[in-house]
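*Asks:* Quick one: the structure is below, and I'll ask about it shortly.
The values are calculated or read from the model by the stated rules, or taken from the named source; none is laboratory data. Just so we're clear, the structure is a prediction, and the values are computed from it rather than from any experiment. Positions of Cβ are backbone-derived with ideal geometry, glycine not excepted, and every protein chain shown enters the neighbour counts. Remember, those area values only see protein heavy atoms, side chains included, never the ligands or the DNA or RNA. Shrake-Rupley method; radii C 1.70, N 1.55, O 1.52, S 1.80 Å.
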Amino acid sequence: MENRITLALTGNPNAGKTTLFNALTGARQHVGNWPGVTVEKKEGSLRHNGREIHVVDLPGTYSLTAYSLEEIIARNFIVDCLPDVVVNVVDASNLERNLYLSIQLLEMGVKVVVALNMMDVAESRNIKIDTEALSSFCNAPVIPTNGKKGIGIENLLDSAIEEADKPRQEKVRIIQYGGEVEEELDKLKALLNGSDVASTGLSREWLALKLLEGDPDISKKFDGSTERSALFHQIEKSRTHLNDIFDDPPEILLADSRYGFITGALKTAVQKDPGDRIHLSESFDSVLTHRFLGPIVLFATLYAVYVFTFQGSEIFVSLLNAFFKWLGGAVSNLLPDGLLKSLIVSGIIDGVGGVLGFTPLIAFMFLAIAFLEDTGYMARIAFMLDRILRGFGLHGASMLALLVSGGLAGGCAVPGIMATRTMKEPKERLVTILVAPLMNCGAKLPVYALLIGAFFSSGKPLMMFLLTGISWFLALTAAKVIRSTVLSGPSAPFVLELPPYRVPTLKGLLIHTWERTWMYVKKAGTVILAISVVLWAMMTFPQMGPELSAKYDERIAQLSQSFIESPSVNSFLKSQSDLEAFEEYLTIFRKSELTAIRKSNKNFLQAASEINSYVASSGEGSGFARLYVQFEREKNEIQAHLQSEKLKHTIGGRLGLALEKVLWPLGFDWRTNVALVGGFAAKEVVVATLGTAYSLGDVNPEQSRSLGEKLRQEPGWNPLQAFTLILFVMLYNPCLTTLVVIKRESGKWRWMFFAMFYTTAFAYMVALVTRTVGIILGLGV
């Protein structure tokens, strides 16, 4: 008797399996993906009666016929790993559907314990179950449980350990398939005696059943075996014989026998209220899936999710951003200027801050998603929207992902893409992942605000509404094209169960939220940090030669000397050191910090006050204040030009110059190209990089008025050019965080690179058509 037991947890979707898994393992669980696929793999552990129990939560599935990815994963784990015991979670209020999986498990010959879950729901529907009779029929322990309330957990674990300790042996056939079918099964079982495949622990009864059904995966196990030729000759004879007699293939005959067994078991072990009563879930559905009321409730719910996700997390996002801003400032004050300071502050702290800034938003989003899933309303959303979105190659479940990605403007593609985990159909899920970045995420809004404010100031609300509509149109168009080309083929049947409405448990919601949020922080965060450092290096090296920097230093020195020699200044500031001391004082004064320093020099205090008054009065004040403001402006322009030249000499700057050869038809010069290169990391960077590239220094997206004015005055900039850039930013390459999530959720590097290529090509095409048509029609030029 081994001290460690492997327990596989399986069951139909919505049977309460996840709730029972959480009740068994609590916080002692971890989540990953099954090898080679994106289906979640959940594992946990616990101790009971001195035994260590390792619990593997298999994907929810209705059967083990291996048609869907979930069925393949669940069956392969049981077949290949041979867990010590399988706990089959069944919905006590819907036994007829749930017991089909139970029968298939019993046919496999594995040790099974049936967890009769959700007994409270069955009782509320006046369903009475004789567990002893059902256990006798199934030849397996049947334990009533309630995962929500923790009822029956101890008994379930006791039975699981007892079954696991029993020696493995050929199970007695519990289903009568009929004389003709059983004769053919016995012929196949005789040929399996001594087979290497059968000696691995798989039941000969089950192997014979699957071979008679023509199961391709089980058939492959006999490739190269000595008995293959005789075995498959007999399989063909048996299938032909049964089909000739019954005019149905064996798989239909076997399924009929299973359902016949279930019907007989339920008539003996289950008593139902014969009344034609409408359950509470059906009453809710009469409103929530109503032809007219349903869509209204749906869009109100989706909007509520949007508000909860982004407004609910706003304060936490602000606190995290403030923390990283404080941390960056503190480290900046401690370290001397140089590459080390730039790397730590710009490369590491800003990189980590950018990633973790999404964390509250992701947590709130998954909390909302978990609530919709656990209540049963998520299935209703997919049901109502499937018909509309199917025309574009999507599914009803795509709507929430697209909405969270920025369908109402201000979202984020990262949680939107992660929300596609609720989608089961691989092609439709992948299409949704690929088009989600085309939505108007919050990172794009600073760019929109800058260009709309500069070139469309009289119609801001209309422009934002227009951009929202354009993003939806282009995203659905892209989905249709991808589904018709790269991911062509018939749509997978969207089989959907409408589970009963339930009140979710707080523990279950928190566990769902935590495990997905932690996965994002752990995996995406580390990758993004590395890429952020690479981007910092691209925008830093190679550095500009000292001879060019000396020219700008000389211009600043000449400007400073000219300022000091002015009659209104010379009596107050007599040397370069005096000017530097005053500039340092003025910086502290403007921050309203260190009152003692502000009062330590009365002359400096008076001069600083005059400058503030001059700026506040728009040009009315002393001659010194006017001259200093002019000097400061000219000095900032020189320093900004220096920043621009430094950027121009880096790898990123050179790339911007090289891109002019490709992007000139769109009207973008090298400075805009540099900003777009920076936008590969995060779209917010576009505004800041535009500010630097256009000789304005670092520009805060919230304070972009001066940049807007500068762009308005720049040759080549006009409303058409601004609108072209808006469309390009809307569509081109997803940000680094989104790309990492695309790779992780799709499971393939190629889809990440495909997303980079197709979105940028799509952006180029849309921007080129827009600019060309605009020029021909003379619009906005």
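*Asks:* Counting pairwise Cα distances across the stretch 704-781, what percent come out greater than 21 angstrom?
*Replies:* 45 percent
*Asks:* So with the 1.4 Å probe, I'd like the accessible area per residue for the stretch 114-161, rounded to whole Å².
*Replies:* Using a 1.4 Å probe on heavy atoms only, each residue of the stretch 114-161 averages 44 Å².
*Asks:* Principal axis lengths of the stretch 98-152 from Cα atoms, whole Å, largest first?
*Replies:* 33, 21, 17
*Asks:* Right, something else. Leaving ligands, DNA and RNA out of it, report the carbon-plus-sulfur percent of the accessible area of the stretch 737-781 at a 1.4 Å probe.
*Replies:* Using a 1.4 Å probe with all protein chains present, the stretch 737-781 comes out at 75 percent carbon and sulfur.
*Asks:* What share of all Cα pairs of the stretch 104-230, in percent, falls into each consecutive 10 Å distance bin?
*Replies:* Distribution as computed: 11, 34, 27, 20, 8, 1 percent.
*Asks:* Let me ask another. For LEU559 and LEU293 in one chain, what is 0.36 nm times their gap in residues minus the Cα-Cα distance, to one decimal in nm?
*Replies:* Gain in length upon complete extension: 88.7 nm.
*Asks:* Once label points are set 7 Å from the Cα along Cα→Cβ at both GLU180 and GLU43, what is their separation, rounded to one decimal in nm?
*Replies:* Result for the modelled spin labels: 4.8 nm.
*Asks:* Could you work out how far apart the two model spin labels at VAL773 and VAL331 are, taking each label as a point 7 Å from the Cα in the direction of the beta carbon, and quote it in nm?
*Replies:* In this crude label model, VAL773 to VAL331 measures out at 4.7 nm.
*Asks:* In whole percent, and with a 1.4 Å probe on the protein chains, what portion of the accessible area of the stretch 75-219 is carbon and sulfur?
*Replies:* Of all accessible area on the stretch 75-219, carbon and sulfur atoms account for 46 percent.
*Asks:* Excluding same-chain residues fewer than 8 positions from LYS41, which aspartates and glutamates have a Cα within less than 15 Å of its Cα?
*Replies:* Qualifying aspartates and glutamates at Cα under 15 Å: ASP57, GLU70, GLU71, GLU515, GLU745.
*Asks:* Could you pull the Cα extents of the stretch 428-493 along its three principal axes, largest to smallest, in whole Å?
*Replies:* 48, 18, 18
*Asks:* If you roll a 1.4 Å probe over the heavy atoms of the protein chains, what accessible area per residue do you get for the stretch 207-344, in Å²? Show your work: numbers first, answer last.
*Replies:* Details: 8410 Å² over 138 residues.
Per-residue value: 61 Å².
*Asks:* Against the 2.2 N^0.38 Å scaling, with N counting residues, where does the stretch 411-460 land? I'd like the Cα-based Rg ratio to two decimal places.
*Replies:* Working: Rg = 15.2 Å, N = 50, 2.2 N^0.38 = 9.7 Å.
With N residues counted in the stretch 411-460, Rg over 2.2 N^0.38 Å equals 1.56.
*Asks:* Take PHE371, PHE21, PHE261, PHE392 and sort them by solvent-accessible surface of the protein heavy atoms, 1.4 Å probe, largest at the top. Before the final figure, lay out the partial values.
*Replies:* Working: PHE371 100, PHE21 0, PHE261 30, PHE392 70 Å².
From most accessible down to least: PHE371, PHE392, PHE261, PHE21.
*Asks:* In whole percent, how big is the carbon plus sulfur part of the accessible area of the stretch 224-273, probe 1.4 Å, protein atoms only?
*Replies:* Within the stretch 224-273, the accessible surface is 50 percent carbon and sulfur.
*Asks:* Here's another thing I want to ask about it. So which aspartates and glutamates can LYS210 reach, going by Cα to Cα under 14 Å and dropping same-chain residues fewer than 8 places off?
*Replies:* Once the sequence-local aspartates and glutamates are set aside, what remains near LYS210 is GLU107, GLU182, GLU184, ASP186, GLU236, GLU251.
*Asks:* Tell me, what is the per residue accessible area of the stretch 711-759 in Å², probe radius 1.4 Å?
*Replies:* The answer is 36 Å² per residue.
*Asks:* P(r) of the stretch 706-747 in 5 Å steps, Cα pairs, percent per bin?
*Replies:* Here the calculated profile for the stretch 706-747 is 5, 19, 16, 15, 12, 11, 9, 8, 5, 0.
*Asks:* Read phi for every residue in the stretch 44-54 and hand back ³J(HN,Hα) as whole Hz from Karplus 6.51 cos²θ - 1.76 cosθ + 1.60, θ = phi - 60°, with x for Gly and Pro.
*Replies:* x, 8, 7, 10, 8, 6, x, 10, 8, 10, 9
*Asks:* Using θ = phi - 60° and the Karplus relation 6.51 cos²θ - 1.76 cosθ + 1.60, list the HN-Hα couplings for the stretch 643-649 in order, rounded to whole Hz, with x at every Gly or Pro.
*Replies:* Working through the residues one at a time gives 4, 5, 5, 4, 4, 5, 8 Hz.
*Asks:* Set the bar at 18 Å for Cα to Cα. Now go through LYS42/LYS743; LYS189/LYS237; LYS149/LYS267; LYS427/LYS748 and name every pair that lies beyond it.
*Replies:* Numbers: LYS42/LYS743 20 Å; LYS189/LYS237 14 Å; LYS149/LYS267 29 Å; LYS427/LYS748 14 Å.
Beyond 18 Å between Cα atoms: LYS42/LYS743; LYS149/LYS267.
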